[in-house]
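Input: a single structure, listed below in structure tokens.
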Amino acid sequence: MKLRLRVIALALLVAANAWWLAAGANRGWTKTLLPVTALDEVTGLTGITYEKRFLPGLDLLGLAWLGAAVLAGASLISRTTTHTQTHTKT
Amino acid sequence: MKYTLGLLSALTLTGAALAAPQTFDFKDPKGVNNAVFKLDAPLEAINGSASGITGTVSYDPENPGATKGKIVVAATTLTVPNALMKDHLHGDKWLDVKQHAEISFEVKALKNAKTTGNETTAEATGTFTLKGVAKELTVPVKLTFLPDKLAARSPNLKGDLLVVRSTFQIQRADFDIMPGQAADKVAETIEIVLSIAGASPK
């Protein structure tokens with residue numbers, strides 16, 4: 001059980017970091033709308049529209065790290081419980 | 001003699017008609033008009049824009065200094081990339097867009113107008129209204145008159161375009177936007193960049 005929890009924690013950490021890096025390593029908040037600019041050649045103005053796209057930020061990465069830490073912590077508790085039960089039986 | 005007087009009168013009237021100020025409508029079907037706002041606080045930078053721009057400006061190519069008008073931004077169109085931040089921005093603690101649906105700037109006079117070709121730079125004095133609070137502001141503006149360019153934008157229409165650009169700063173405390181609070185995350189100074197084009201069909 002403890003090994004399974006640690007593997008899940010590690011997998012969560014690696015996956016979250018890989019996703020965040022692959023998405024562009026956004027160091028701000030998670031974005032759900034991204035600005036798209038388009039130049040109007042007649043006036044020289046740049047128009048801004050927003051397209052719906054998900055871009056993970058540091059807040060989501062932090063949440064994944066926290067989740068991984070909780071899982072890793074749970075694995076430690078799991079080991080202690082198993083040890084106590086074994087000792088009682090003996 | 002009568003013919004000469006008639007011709008002179010006709011020429012005078014035509015001249016007066018040509019020199020009359022034109023009204024430019026800033027409701028933009030192309031969706032290019034926008035107002036960008038930037039806040040740079042020690043812990044957080046917020047950048048967003050608003051697209052719901054309407055209003056009219058009266059502009060005389062022969063006398064750009066007499067320009068007057070009102071530009072209105074629909075507060076509900078203020079957008080930032082983070083959905084939660086957008087909800088907070090629109091909420092009653094910050095801009096309260098339900099109660100104060102419009103942000104506007106009504107230009108009453110242009111000062112120090114300098115015109116070179118089709119471009120005029122000046123200082124626009126008028127009333128800026130945000131969250132129901134109206135303040136007199138003087139901001140730098142650049143007007144670019146583009147005669148007969150409306151067809152290039154809207155093929156079915158003939159007329160002129162007027163491009164207005166302005167960058168200025170306001171203090172959020174002056175407009176009762178959570179004065180003195182959360183200054184580490186939400187800057188006290190808001191920079192506004194207005195880039196808009198109006199059309200005057202003929």
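Quick rundown of the values:
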item: Test: residue in segment B:49-71 that is within 28 Å of residue B:184 (Cα to Cα), modelled with pLDDT of 95 or more and in contact with a Lys or Arg (Cβ under 9 Å, 6 or more places away or on another chain); result: no
item: Whichever residue in segment B:26-49 is under 16 Å from residue B:157 (Cβ atoms) and surrounded by fewer than 20 Cβ atoms within 10 Å (Cβ to Cβ) and, among such residues, is farthest from the other protein chains (Cβ to nearest Cβ); result: B:27
item: Qualifying positions in segment B:78-100 - surrounded by 15 or more Cβ atoms within 10 Å (Cβ to Cβ) and more than 14 Å from every other protein chain (Cβ to nearest Cβ); result: B:94, B:95, B:96, B:97, B:100
item: Count - residues of segment A:47-79 that are under 23 Å from residue B:47 (Cβ atoms), in a helix (DSSP H, G or I) and either among the acidic types (Asp, Glu) or within 14 Å of chain B (Cβ to nearest Cβ) (or both); result: 3
item: Enumeration of residues in segment A:25-46 that are within 16 Å of residue B:193 (Cβ to Cβ), in a strand (DSSP E or B) and either β-branched (Val, Ile, Thr) or out of contact with any strand residue (DSSP E or B) (no Cβ under 8 Å at 6 or more places or on another chain) (or both); result: A:37, A:46
item: Yes/no for residue B:123 being in contact with a Ser or Thr (Cβ under 7 Å, 6 or more places away or on another chain) and within 14 Å of chain A (Cβ to nearest Cβ); result: no
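Rundown of residues vs (1) more than 23 Å from residue B:38 (Cα to Cα); (2) away from chain A (no Cβ under 12 Å), yes/no style:
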site	(1), (2)
B:116	yes, yes
B:119	yes, no
B:134	no, yes
B:169	no, yes
B:176	no, yes
B:181	no, yes
B:189	no, yes
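A quick yes/no check of all residues on (1) assigned to a strand (DSSP E or B); (2) on the phi < 0 side of the Ramachandran plot; (3) not polar (S, T, N, Q):
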{"site": "B:70", "(1), (2), (3)": "yes, yes, yes"}
{"site": "B:76", "(1), (2), (3)": "no, yes, no"}
{"site": "B:87", "(1), (2), (3)": "no, yes, yes"}
{"site": "B:93", "(1), (2), (3)": "no, yes, yes"}
{"site": "B:98", "(1), (2), (3)": "no, yes, yes"}
{"site": "B:104", "(1), (2), (3)": "yes, yes, no"}
{"site": "B:107", "(1), (2), (3)": "yes, yes, yes"}
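The values are calculated or read from the model by the stated rules, or taken from the named source; none is laboratory data. Keep in mind the model is a prediction, meaning the values are calculated, not measured. Note: ideal-geometry Cβ built from the backbone for every residue, glycine included; neighbour counts use all protein chains shown.
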